[in-house]
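For reference, the structure is listed below as structure tokens.
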Amino acid sequence: VQLQASGGGLVQAGGSLRLSCAASGDIFSINAMGWFRQAPGKQRELVAAITMVGRTNYADSVKGRFTISRDNAKNTMYLQMNSLKPEDTAVYYCNAVVVTPPLDYWGQGTQVTVSS
């Protein structure tokens, strides 16, 4: 599985961005996908996840502001980020998980910078 993330950038606080993660390869083996982020000096953390049956999960810090979705026809996952805050500044990574066998795939990061 290969993952290609895009859509990061610089935005003012209160603004919006949409991240995309295009998957290719053995996509039918994927059980769940998600977005993680890592700010300078901090550990990578889960932002949002979505299973292949559409169940979603969000970090408390982004609930009500971010929406994860996927377009099966395009093999693409999205993260719509609204009401962005400076503390959302981080490198965002897309992730895909295969349960059997247990495998973990990562896309390259995309920088999101929110100015105050």
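The values are calculated or read from the model by the stated rules, or taken from the named source; none is laboratory data. These figures come from a predicted structure and were not determined experimentally. Side chains included, ligands, DNA and RNA excluded: accessible areas come from the protein's heavy atoms. Shrake-Rupley method; radii C 1.70, N 1.55, O 1.52, S 1.80 Å.
Solvent exposure of the stretch 2-70, expressed per residue, is 56 Å² of accessible area, with all protein chains present and a 1.4 angstrom probe.
If the Kirkwood radius is taken over C-alpha pairs of the stretch 8-75, then at 10 °C and 1.306 mPa s the Stokes-Einstein diffusion coefficient equals 116 µm²/s.
For Lys63, the aspartates and glutamates whose Cα comes closer than 17 Å to its Cα, not counting residues fewer than 8 places off in the same chain, are Glu45, Glu87, Asp88. When the solvent-accessible area of the chain is split by element, carbon and sulfur atoms take up 51 percent of it, the probe being 1.4 Å.
Using only Cα coordinates, the Kirkwood hydrodynamic radius of the chain works out to 14.1 Å.
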